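The values are calculated or read from the model by the stated rules, or taken from the named source; none is laboratory data. Source: prediction; values computed, not measured. As a convention, Cβ positions derive from the backbone with ideal geometry for all residues, glycine included, and neighbour counts pool all protein chains shown. Side chains are part of the model used for accessible areas, which takes the heavy atoms of the whole protein and leaves out ligands, DNA and RNA. Shrake-Rupley method; radii C 1.70, N 1.55, O 1.52, S 1.80 Å.
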2 protein chains.
Amino acid sequence: MNNRLKRLVNEFPRYRNIDALIITQDVNIYYLTDFPTSESWLLVTPQKVFYITDFRYIQEAREGLKGIALIKQQTQCLAATLFELAKTYKIKRLGFDERHTSVACLKKLKGYCPRRTKLVPANGVVESLREVKDEGEITIIRQCLEVHAKALEMLKKVVKPGQTERQVLSFLEGFIKKEGVKFSFSPIIASGPNSAYPHAKVGDRILKNNEPLLIDIGIDIKGYKSDLTRNFFLGRMTPRYKQVFVATALAQKEAIGLIKPGVKVADVDTHARKVLRRFGLARYFGHSLGHGVGLEIHENPRLSVKSPAILEEGMIVTVEPGVYIPGQFGVRVEDMVLVTKQGCEVLSGNYY
Amino acid sequence: MNNRLKRLVNEFPRYRNIDALIITQDVNIYYLTDFPTSESWLLVTPQKVFYITDFRYIQEAREGLKGIALIKQQTQCLAATLFELAKTYKIKRLGFDERHTSVACLKKLKGYCPRRTKLVPANGVVESLREVKDEGEITIIRQCLEVHAKALEMLKKVVKPGQTERQVLSFLEGFIKKEGVKFSFSPIIASGPNSAYPHAKVGDRILKNNEPLLIDIGIDIKGYKSDLTRNFFLGRMTPRYKQVFVATALAQKEAIGLIKPGVKVADVDTHARKVLRRFGLARYFGHSLGHGVGLEIHENPRLSVKSPAILEEGMIVTVEPGVYIPGQFGVRVEDMVLVTKQGCEVLSGNYY
């Protein structure tokens with residue numbers, strides 16, 4: 001059993017004392033096994049770990065999965081196979097994640113569940129482990145950010161007024177291909193008033209002089225991700241834009257200044273809002289301040305007033321206040337920050 | 001209210017007499033509104049339709065959605081906003097899909113649900129409408145297949161022994177970009193023994209002479225999809241490969257011969273298996289015979305012995321028997337078939 005699986009099992013007592021956990025999310029299985037997967041389940045017990053899959057994936061699993069028992073689904077469905085194991089290994093309290101289990105799936109599970117096994121809600125067990133990154137993970141995310149910085153440097157050189165948003169996208173696509181990496185999400189390339197849409201789609205709009213160009217992209221290496229927003233400006237900034245940009249950047253800077261282990265994420269979010277309020281801009285800031293980044297582009301902790309989370313060493317979060325003025329423009333200043341022992345490190349600090 | 005929404009409302013009495021339906025799946029909302037969406041909900045009542053979204057998407061929705069009431073989420077969550085509407089419009093039996101609703105989400109919904117509203121399981125209401133394609137949908141899928149045919153023609157010309165699987169993928173990527181379309185799923189390009197993996201990943205294996213090359217790709221236009229598998233062979237086929245290929249193609253041909261309105265999908269699947277059994281190959285055919293294709297790459301009806309579905313005019317399904325001999329090779333012969341009034345039309349018939 002590898003370290004991550006051991007840490008997972010150590011969490012069982014904290015989750016209503018489960019004695020086994022069924023994991024159905026691909027990304028969680030990948031985190032625990034280092035094996036990219038789909039349509040397969042992982043059953044973790046303190047003694048043994050089982051990978052349940054069907055004939056389509058069994059051959060790859062045989063070659064790629066080490067130290068984990070492979071179970072080929074023989075009966076009609078994964079659920080039936082799962083509970084045969086539950087019977088054999090005398091599982092009493094089987095944890096499942098209510099957020100990753102559909103109502104229909106739970107009904108099916110209950111239909112197959114033997115009398116001696118109880119299905120117990122156990123939410124976010126793997127996700128909470130994933131919040132704190134280990135050295136290996138931090139290294140890969142640094143790699144993502146290095147490639148990301150090169151992408152931004154390239155854009156600075158080639159992007160000109162007269163091009164379309166889609167052309168900017170194709171510069172990026174060429175770069176990605178050359179570097180042998182992937183996007184971590186569908187890029188946002190929003191020119192002029194399009195920048196006022198927080199989730200703008202790339203379109204055929206032509207970039208004009210004296211206009212902002214908001215670029216929110218991410219690089220994916222081995223499943224790990226970067227996520228940064230940069231605000232290019234072609235030509236001369238209007239005084240209004242400059243004011244908004246400075247206010248947003250200041251809100252970010254002050255928020256980052258608060259980040260260290262033990263701090264409530266809600267306080268960091270609240271502070272960024274307070275800074276924007278000083279400029280009369282808080283009402284244009286409609287989303288939360290940031291989110292964890294790792295194997296998923298949005299993961300815990302969320303930097304939100306609603307979250308009870310507390311920052312810990314090893315967390316990597318975005319800090320991204322945004323001001324969106326409909327019909328005019330939007331500014332979002334987004335960097336990635338690693339929580340360190342004493343405070344934090346802006347991982348993307350020097351990348352324009 | 002457009003035709004699809006009207007047809008949807010007409011289905012309500014068949015689904016435990018619901019008087020409203022909440023739709024959370026992006027693809028179903030797109031089908032009903034023609035508006036690409038994410039993280040938003042659609043509430044359909046016989047009188048009125050509501051699109052519930054938050055500040056991030058409201059502006060696009062305002063411009064793109066016609067004839068549907070826009071509701072901006074004001075409170076903490078979509079669920080709270082939903083049940084305010086349920087109260088105002090006196091909804092008594094609100095349908096939800098158990099397969100698209102997580103256990104956690106249902107708990108949340110129940111927490112907000114007013115006393116006079118009952119949450120009623122109503123599964124696959126939109127999906128069942130989507131099974132039968134209208135003229136417009138068939139036209140787009142034909143377009144996907146035309147582009148698909150061009151891709152195959154291109155491959156026939158450029159693929160040579162000595163290239164890697166990944167190089168073949170990059171030919172396809174260049175083509176896709178030039179044509180301005182997308183892949184409908186991550187391509188399968190499996191050379192030699194890799195073809196024995198039904199869901200092989202594209203790798204660095206070098207294509208050799210006298211070896212099979214299995215190519216399973218799809219084209220996406222406006223969300224609609226194609227899905228075909230072709231078995232290239234570089235050089236001379238071995239007698240064993242030829243025998244397996246002929247048997248698989250025959251199983252497909254005979255199965256297609258059965259397709260017409262009123263036929264049970266289970267009978268079509270069973271027949272294909274029977275043909276392969278004559279050649280002693282049925283045990284290598286581990287998946288079902290095919291599936292519906294439309295806005296999703298796999299949708300109903302499934303051509304499976306387990307399915308109770310009956311074919312109807314306007315359905316589009318793949319017919320794809322496959323024989324996978326571990327360590328040796330795999331063959332999958334996959335075409336797309338439209339169920340017509342009298343029988344069927346192989347939509348991809350003339351494409352290599």
Listed here are the pairs B:Lys72/B:Lys108; A:Lys160/A:Lys242; A:Lys182/B:Lys201; B:Lys66/B:Lys178; A:Lys48/A:Lys341; B:Lys178/B:Lys225; which of them are more than 25 Å apart at the Cα?
-> B:Lys66/B:Lys178; A:Lys48/A:Lys341
Using amide H atoms built 1.01 Å from N in the peptide plane, name the residues 5+ places from B:Glu334, or on other chains, whose amide H lies under 5 Å from its own.
-> B:Thr229
Most fluctuating of A:Pro13, A:Pro36, A:Pro193 in the GNM of chain A (C-alpha, under 10 Å) is A:Pro13
Pseudo-label separations to other copies for A:Glu39 - Cα-to-Cβ vector, 7 Å, nm = 3.0
Can you tell me the 0 to 90 degree angle between the C-alpha axis of helix B:135-158 and the longest principal axis of chain B, rounded to 10?
-> 30
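Over 37 Å apart: what share of the alpha carbon pairs of chain A falls there, rounded to a whole percent?
Numbers: 18456 of 61776 pairs.
Of all Cα-Cα pairs in chain A, 30 percent lie more than 37 Å apart.
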³J(HN,Hα) computed for each position of segment A:94-109 - Karplus, 6.51 cos²θ - 1.76 cosθ + 1.60, integer Hz, glycine/proline x = 8, x, 9, 9, 5, 7, 10, 10, 6, 4, 5, 5, 4, 4, 5, 4
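Could you calculate, for segment B:255-333, the ratio of the Cα radius of gyration to the Kirkwood radius, expressed as Rg to Rh? Numbers along the way, then the final one.
Values: Rg = 12.8 Å, Rh = 12.9 Å.
The Rg/Rh ratio comes out at 0.99.
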Give, rounded to the nearest 20 debye, the magnitude of the charge dipole that chain A has about its Cα centre when Lys and Arg contribute +1 at Cβ and Asp and Glu contribute -1 at Cβ.
-> 760
Sticking to Cα atoms, compute the Rg of segment A:74-139 to one decimal and its Dmax as the biggest Cα-Cα distance, whole number, in Å.
-> 15.0, 47
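What accessible area, summed over both chains, is buried at the A-B interface (1.4 Å probe, Å², nearest 100)?
2400
Expressed as cubic angstrom per residue, what is the convex hull volume of the alpha carbon set of segment A:8-96?
Details: hull volume 8.0 nm³, N = 89.
Enclosed volume per residue, from the Cα hull, is 90 Å³.
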Trypsin sites (Lys or Arg not before Pro) in segment A:93-152 lying in a DSSP loop, each with at most 12 other Cβ atoms within 10 Å of its Cβ, come to A:Arg115, A:Arg116
What FRET efficiency comes out for the pair B:Gln342/A:Arg278, r = Cβ-Cβ distance, R0 = 60 Å, nearest 0.05?
-> 0.25
Towards the positive end of the charge dipole of chain A, with charges on Cβ (+1 Lys, Arg; -1 Asp, Glu), say which of A:Asn194, A:Cys144, A:Ile52 has the farthest Cα.
-> A:Ile52
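Please state the charge dipole magnitude for segment A:3-130, taken about the Cα centre, from unit charges on C-beta atoms (+1 on K and R, -1 on D and E), reported in debye and rounded to the nearest 20.
Working: 22 positive and 12 negative charges, 140 e Å.
Computed about the Cα centre, the dipole is about 680 debye.
Can you tally the net charge around A:Ser307? Count Lys and Arg as +1, Asp and Glu as -1, for every other residue whose Cβ sits under 11 Å from the Cβ of A:Ser307. Walk me through the numbers on the way to the answer.
Working: positive: A:Lys264, A:Arg302, A:Lys306; negative: A:Asp267, A:Asp269.
Neighbour charge sum, excluding A:Ser307 itself: +1.
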How far is A:Ser170 from the same spot in each other copy, in nm, shortest first, if each label point sits 7 Å from Cα toward Cβ?
-> 1.9
In Å and from the alpha-carbon atoms only, list the Rg and Dmax of the protein assembly as shown.
-> 26.6, 80
Taking protein heavy atoms only, a 1.4 Å probe, and rounding to whole percent, the accessible area of the protein assembly as shown owed to carbon and sulfur comes out at 51
If the viscosity is 1.002 mPa s and the temperature 20 °C, what translational diffusion coefficient in µm²/s does Stokes-Einstein give for segment B:104-263 when Rh comes from Kirkwood over Cα pairs?
-> 113
GNM of chain B, Cα pairs under 10 angstrom: of B:Gly294, B:Gly314, B:Gly286, the biggest fluctuation goes to B:Gly286
Compute the label-point distances linking A:Asn2 to its equivalents in the other copies; points lie 7 Å from Cα along Cα→Cβ; give nm, one decimal, shortest first.
-> 4.6
Note every residue of segment B:21-52 with a reduction of at least 20 square angstrom in accessible area, all protein chains present versus the isolated chain, computed with a 1.4 Å probe, or write none.
-> B:Pro36
In Å², what does the accessible area per residue of segment A:162-249 work out to with a 1.4 Å probe?
-> 42
So what's the gap between the Cα centers of segment B:181-227 and segment B:9-78, to the nearest angstrom?
-> 36
Summing -39500 (n - 2.57) over every DSSP H run of at least 4 in chain B, dividing by its residue total and rounding to the nearest 500, the 222 nm mean residue ellipticity is -11500 deg cm²/dmol
Taking only Cα atoms and a 10 Å spring cutoff, compute GNM fluctuations for chain A and point out the largest among A:Ile188, A:Ile22, A:Ile316.
-> A:Ile22
For chain A, find the longest principal axis of its Cα atoms and tell me its angle to the long axis of helix A:165-179, 0 to 90°, nearest 10.
-> 50
